[in-house]
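Remarks on the structure that follows.
The values are calculated or read from the model by the stated rules, or taken from the named source; none is laboratory data. Note that the structure is a prediction, hence the values are computed from the model and not measured. Here the Cβ positions follow ideal geometry from the backbone for every residue, glycine too, while neighbour counts run over all protein chains shown. Quick note on the areas: whole protein, heavy atoms, side chains included, nothing else; ligands and nucleic acids left out. Shrake-Rupley method; radii C 1.70, N 1.55, O 1.52, S 1.80 Å.
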Amino acid sequence: MIKNRMIRFFDLHTHLLCGVDDGAKTPEEMYAMLDMAYEDGTRAMCLTPHFSPYHYGDTSKASERSFALLCRYAKERYPDMRLFLGHELGYHASCMRALEDGVCRPLGNSRYLLVDFPEAVSFFELSSAMNQLQRTGYHPILAHTERYRCLFTHMDWVRDFVDEGGIVQINASSICGSWGTVAKMQWKRLVKAGLAHIISSDGHNLTSRQPKMSVCLPYLQKHCSPEEIRALTWDHACRVIKDERI
């Protein structure tokens with residue numbers, strides 16, 4: 001439960017949409033996940049199913065159908081909940097064509113693009129891909145940055161990436177050790193260094209990967225000002241959806 005009921009969250013990275021990826025499997029699970037997120041304090045959310053054709057196929061149309069279902073449910077139950085649609089792009093060689101064709105979506109109607117890599121991606125592959133996306137005019141958001149092993153020893157690149165307009169997203173649950181002690185350590189390093197922009201749940205289900213943001217509050221309240229917490233959990237995500245620079 002949230003200790004401070006004045007805190008509200010904008011969850012920019014979620015997998016609630018049913019039947020499209022490794023997130024919710026049924027409409028009932030999708031609705032229950034939204035219930036959980038709302039009870040936790042989330043009042044705005046971007047639905048970001050994986051766009052990884054080699055694993056899930058083309059999720060564009062299926063995600064539109066699930067999104068319509070979720071919007072109807074939210075309108076009836078939670079009229080103050082704002083929902084947006086996007087994708088989490090699993091970077092691959094032909095992804096630029098998918099972006100140009102509108103099959104892979106940025107977040108909302110913005111130029112911000114949530115980008116994902118395997119945890120064991122090489123530093124060369126990750127840095128080259130993000131640099132390419134920046135050159136094409138997108139504003140790349142590096143999903144769950146704390147989980148990439150190659151960046152543990154390349155914090156200078158993270159600083160340069162941020163200086164050039166790149167956005168760092170980290171998962172709320174990583175601070176609890178959900179992805180191991182090294183990811184938890186990197187989560188703290190990113191926040192303390194001022195290199196984190198957005199905290200999201202990356203929620204996938206009702207059990208092991210819940211759509212909850214409040215789990216990170218005990219740490220944030222010890223080390224960040226109220227203004228910094230608001231920026232990480234609400235303001236910056238709002239700027240993304242409005243297509244404003246952070």
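Points to keep in mind about this one:
- Cα centroid of the range 229-244 to Cα centroid of the range 94-139, whole Å: 20
- For the pair Q132 and E29 in one chain, pulling the backbone fully straight at 0.36 nm per residue adds 33.4 nm over the alpha carbon distance.
- Check: the range 52-191 dipole with +1 on Lys, Arg Cβ and -1 on Asp, Glu Cβ, in debye: 420
- Each of [x] 19.0; [y] 19.4; [z] 17.9 is a candidate for Kirkwood radius over Cα pairs in Å; the one calculated from this structure is [z].
- Sulfur and carbon atoms: percent of accessible area, the chain [1.4 Å]: 51
- Built amide H within the under 5 Å cut-off of Y112, gap 5+: L107, H139
- Long-range HN-HN contacts of E88 with modeled amide H, under 5 Å: H50, F51
- Solvent-accessible heavy-atom area per residue, rounded to whole Å², over the chain at 1.4 Å: 44
- Total charge dipole magnitude, the range 1-120, about the Cα centre, Cβ charges on Lys, Arg, Asp, Glu only, Debye to nearest 20: 500
- Cleavage-rule hits, trypsin sites (Lys or Arg not before Pro), the range 189-246, DSSP coil, Cβ neighbours within 10 Å at most 13: K242, R245
- Dipole size of the chain about its Cα centre, with +1 on Lys/Arg Cβ and -1 on Asp/Glu Cβ: approximately 560 debye, rounded to the nearest 20.
- Computed from the Cβ-Cβ distance with R0 of 51 Å, the FRET efficiency linking E64 to K222 stands at 0.80.
- Computed [θ] at 222 nm, helices only, for the chain once each DSSP H run of length n ≥ 4 contributes -39500 (n - 2.57): -11000 deg cm²/dmol
- A dipole drawn for the range 39-127 from +1 and -1 charges on Cβ atoms has a positive end, and of N109, S122, M96 the residue lying farthest that way is N109.
- Violating pairs (Cα-Cα greater than 24 angstrom) within the set K192/K212; K184/K212; K188/K242; K25/K61; K75/K242: K188/K242
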